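Structure, as structure tokens:
The values are calculated or read from the model by the stated rules, or taken from the named source; none is laboratory data. For clarity, every value in this text was computed on a predicted model and none was experimentally measured. All Cβ positions, even for glycine, are placed from backbone atoms using ideal geometry, and neighbour counts span all protein chains on display. Please note that ligands, DNA and RNA were not included when accessible areas were found on the heavy atoms of the full protein model with its side chains. Shrake-Rupley method; radii C 1.70, N 1.55, O 1.52, S 1.80 Å.
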Amino acid sequence: MKAVQFTRFGPPDVLEVVELPVPELGPGEVLIRVHAAGVNFFEVLMRADRYAATPDLPMFPGVEVAGTIERAEPGADRSLIGMRVAVPLFATGRGSGGYAEFVAVDGRAVMQLPDAVSFAAAAGLMVQGLTASHLLRRSPAKGKNVLVSAAAGGVGSLLVQLARRDGARMVIAAASSDEKRALSLSLGADHAVDYTASGWQEDVRRLTGGLGADIIYETVGGAFSRAALDALAPCGELVLAAMGRFGLEEADVEHMLDDNQSIKGFSLLPLLTPQGVQEDLAALFELAAAGALTVIDGGRFPLHQAAEAHRAIEGRRAVGKVVLVP
């Protein structure tokens, strides 16, 4: 089979397609023919050795796949063969290896996929869907004025929709282009601001009657973390989901204390349990199947164009979810 690996850190060109044996199955395992593998921003960072943790090399990226079950070993339910499934590899202990034509997983880890949910959409509802769901669980939007950063991205586009469903008083989308802001508005945001423009924080304050956002869901990091403080209301909450990339200094924190503001850290993996993942994904798939949650197609690339997929994300050209289609 074909799979994507990198043996050194660097630009997208370090990604290479290699030939590997189709995985051998252990007891209770099933073989998945991959139809869509999610591509994530943290994988871009990992490839460049800019992530919070440095992976061992060679690295076979990819933590979420959707496809069909081709084979089942003794101990696995053979009635699963042929079933459309989604597999959150990051929650199974396997961890990675999804940029490939086949993956082997414990048969208990697969999630049946409704016919109305495409393989690409399923890939967009695993890392990003669970992140958006848990962000709202940690900091509920109901009755609040909320700001969603990178609102046209994989997490942001889902968070806009789920915050609206959660009963937010106002959803403000922060995005960097006219196209992305228009997309955010079409997904249910009340307003959209250009966070690359000088003074965008004043737009947020004006929209909220001079107060600012009660909650800012911050997934961008870097200079945006600091700039976002000027758009945060007194007693507001900055939820930092940009692991290792926020740009706050001691003076910023002191100012937040004076305004009774708080910082809440967010990391998805420690919040996950096997049962919780199954229940949360089932709920997300149900919403998507009913047309109540839209996964934006950010581009589909064959395995040999994995580098192009990374460039699209790294250059912030992509909206929604980027996938590889082996």
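Looking at the stretch 288-309, can you tell me whether even one residue there is open to solvent by less than 40 Å² (accessible area, probe 1.4 Å), over 17 Å from Ala120 (Cβ atoms), touching a Leu at 6+ places or on another chain (Cβ under 6 Å) and not hydroxyl-bearing (Ser, Thr, Tyr)? Yes, the stretch 288-309 contains at least one residue that is open to solvent by less than 40 Å² (accessible area, probe 1.4 Å), over 17 Å from Ala120 (Cβ atoms), touching a Leu at 6+ places or on another chain (Cβ under 6 Å) and not hydroxyl-bearing (Ser, Thr, Tyr). Considering the stretch 217-228, the residues that are within 18 Å of Lys180 (Cα to Cα) and in contact with a helix residue (DSSP H, G or I) (Cβ under 7 Å, 6 or more places away or on another chain) include one that is most open to solvent (accessible area, probe 1.4 Å), namely Thr219.
Taking the stretch 74-100 only, how many residues are open to solvent by 40 Å² or more (accessible area, probe 1.4 Å), within 27 Å of Ala306 (Cβ to Cβ) and hydroxyl-bearing (Ser, Thr, Tyr)? Counting residues in the stretch 74-100 that are open to solvent by 40 Å² or more (accessible area, probe 1.4 Å), within 27 Å of Ala306 (Cβ to Cβ) and hydroxyl-bearing (Ser, Thr, Tyr) gives 1. All told, Arg206 falls short of being basic (Lys, Arg), at pLDDT below 95, farther than 30 Å from Phe119 by Cα and not in a strand (DSSP E or B). Residues of the stretch 253-282 that are free of Cβ contacts under 8 Å to residues at least 40 places away in the same chain, open to solvent by less than 60 Å² (accessible area, probe 1.4 Å) and farther than 25 Å from Cys235 by Cα: Gly276 alone.
Selection of the stretch 162-211 for residues being in contact with a helix residue (DSSP H, G or I) (Cβ under 8 Å, 6 or more places away or on another chain), touching a residue at least 60 places away in the same chain (Cβ under 8 Å) and buried (at least 19 other Cβ atoms within 10 Å of the Cβ) yields Leu162, Leu183, Leu187.
Taken together, the residues in the stretch 256-293 that are part of a helix (DSSP H, G or I), more than 19 Å from Gly221 (Cα to Cα) and of a type outside the set (Gly, Ala, Ser) amount to 15. Within the stretch 105-124, residues that are surrounded by fewer than 18 Cβ atoms within 10 Å (Cβ to Cβ) sit with their Cβ atoms under 6 Å from residues that are at pLDDT 95 or above and aromatic (Phe, Trp, Tyr), at 6+ positions apart or across chains, in these pairs: Pro114/Phe285. Restricting the first member to the stretch 139-150 and to residues that are more than 15 Å from Gln161 (Cβ to Cβ), and the second to residues that are surrounded by fewer than 20 Cβ atoms within 10 Å (Cβ to Cβ) and among the small types (Gly, Ala, Ser), the beta-carbon pairs closer than 7 Å and six or more apart or on different chains are Gly143/Gly167. Here the stretch 229-252 is the region considered, the condition is being at pLDDT below 90 and of a type in the set (Asp, Glu), and the residue that is surrounded by the most Cβ atoms within 10 Å (Cβ to Cβ) is Asp252. Out of Asp56, Asp49, one residue alone is acidic (Asp, Glu) and on the phi > 0 side of the Ramachandran plot. It is Asp49.
Of all residues in the stretch 1-28, those that are outside any strand (DSSP E or B) and either free of Cβ contacts under 8 Å to residues at least 12 places away in the same chain or touching a Pro at 6+ places or on another chain (Cβ under 7 Å) (or both) total 2.
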